[in-house]
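The values are calculated or read from the model by the stated rules, or taken from the named source; none is laboratory data. Bear in mind the structure is a predicted one, so any value in this text is a computation, not a measurement. No Cβ is skipped: glycine too gets one built from the backbone with ideal geometry, and neighbour counts run over all protein chains shown. Heavy atoms of the whole protein, side chains included, go into the accessibility calculation; ligands, DNA and RNA do not. Shrake-Rupley method; radii C 1.70, N 1.55, O 1.52, S 1.80 Å.
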Amino acid sequence: MGLPRWVSVLGMSAGLLACETQPVRIQVKGPREAVESTKAVPEFAPFEKKNDTIQLRASAFDEKGRYMGPAKVEWDSTDRSVATVDGSGLVTILGSGEAKVKATTVGYKATLSDELPIRASIVADIRWVDPLPVEGKSLEMNLGDIKEFKAEVLDDRGNPIPKAKIEWDSSSFAATVTPTGEVEARAIGTTQISAEAPNGKTVRIDLNIGDWKKGK
């Protein structure tokens, strides 16, 4: 008496699965057109805007390192307050910080995984560091004085963003300001020094330029 047909079909399927080449490694990458995706260890610059997105993909490789095609994976994020990821690998930025987006294989004999760090520094505000403005009072400088003004850009969690770009400006010729915030008193009068964050948020300080100091 022969085996039922369904048993034979299952046996053939199991045999095919056993013979099918299985991946031994997967790698999470960014979009194909991204330069970062060509690197052995992709690394993307911090995202600067909420709701920015990036499409990730997972590639499968055999024991000889040969590309086998897209891997069958499930996606997850280690910090969903920073970034979420859907079933297709589309990442959405929600807040500043760092999250690791992880891909884990499904449907293979062995469970494989890989992850890609996602960083975000979402500009929220800017504040003075030096000098600190006093409400109702102007900062005093004299002709020829040079002072470095300092401001810092903050992310949406209130943390300073190192090396964030700041645009400096002076409202009159009474003082000039360099791209790094160095202010020089050039003429008697008043001006307003401003520092602008990448998102347009601006802080200002009133400056009064007096005559040369005695002895100069």
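Given an 8 Å cut-off on Cα distances and at least 6 residues of separation, report the relative contact order of the chain as a percent.
Rounded, it is 15 percent for the chain.
Is it possible to state the helix-based mean residue ellipticity at 222 nm for the chain, with each DSSP H run of 4+ residues giving -39500 (n - 2.57), the sum divided by total residues, to the nearest 500 deg cm²/dmol? What is it?
-2500 deg cm²/dmol
Quick check: pseudo-label points 7 Å beyond the Cα along Cα→Cβ at PHE173 and LEU132, how many nm apart are they?
3.6
Run the simple label-point estimate for GLN192 and ARG32 please: 7 Å along Cα→C-beta, distance reported in nm.
5.2
What accessible area per residue, rounded to a whole number of Å², is obtained for the chain using a probe radius of 1.4 Å?
63
Of all trypsin sites (Lys or Arg not before Pro) in region 29-111, which ones are in loop regions per DSSP and have a Cβ with at most 13 other Cβ atoms within 10 Å?
Loop-located and lightly packed - ARG32, LYS39, LYS49, LYS64, ARG66, ARG80, LYS109.
Counting only other residues whose beta carbon sits under 12 Å from that of ASN199, what net charge do I get with K and R as +1, D and E as -1?
For residues surrounding ASN199, the net value is -2.
Quick check: net charge around GLY189, other residues with Cβ under 15 Å of its Cβ, Lys/Arg +1 and Asp/Glu -1?
-4
Between ASN51 and GLU182, how high is the FRET efficiency from 1/(1 + (r/R0)^6) when r is the Cβ-Cβ distance and R₀ = 35 Å? Nearest 0.05.
E(calc), rounded to 0.05, equals 0.45.
If exposed means no more than 12 neighbouring beta carbons inside 10 Å and the site is in a DSSP loop, what's the longest run of the chain without any exposed chymotrypsin sites (Phe, Trp or Tyr not before Pro)?
1-172
Note the listed values [x] 29.1, 118; [y] 16.6, 56; [z] 17.3, 55, then indicate which one is Rg and Dmax of the Cα atoms in Å calculated from this particular structure.
Label [x] holds the value from this structure.
Report, in listed order, any pair from LYS163/LYS201; LYS147/LYS213; LYS49/LYS72 with a Cα-Cα distance greater than 20 Å.
LYS49/LYS72
Give, in nm to one decimal, the length gained when the segment between LEU90 and ASN142 is fully stretched (0.36 nm per residue of separation minus the Cα-Cα distance).
13.1 nm
Mind checking which of GLY200, TRP75, SER171 is farthest towards the positive end of the chain's charge dipole, using Cβ charges of +1 (Lys, Arg) and -1 (Asp, Glu) about the Cα centre?
Highest projection toward the positive end goes to TRP75.
Tally Lys/Arg at +1 and Asp/Glu at -1 over every other residue whose Cβ is under 12 Å from the Cβ of SER59; what's the total?
Neighbour charge sum, excluding SER59 itself: +4.
Work out the length of the dipole vector of the chain about its Cα centre, built from +1 on the beta-carbon of each Lys and Arg and -1 on the beta-carbon of each Asp and Glu, and round it to the nearest 20 debye.
620
Enumerate by residue number the trypsin sites (Lys or Arg not before Pro) in region 139-182 meeting two conditions: DSSP loop (anything except H, G, I, E, B), and at most 11 other Cβ atoms within 10 Å of the site's Cβ.
In loop regions of region 139-182 (DSSP not H, G, I, E or B), the sparsely surrounded trypsin sites (Lys or Arg not before Pro) are LYS163, LYS165.
If the elastic network links every pair of Cα atoms under 10 Å, which of SER113, SER172, SER81 fluctuates the most in the Gaussian network model of the chain?
So, out of SER113, SER172, SER81, the one fluctuating most is SER172.
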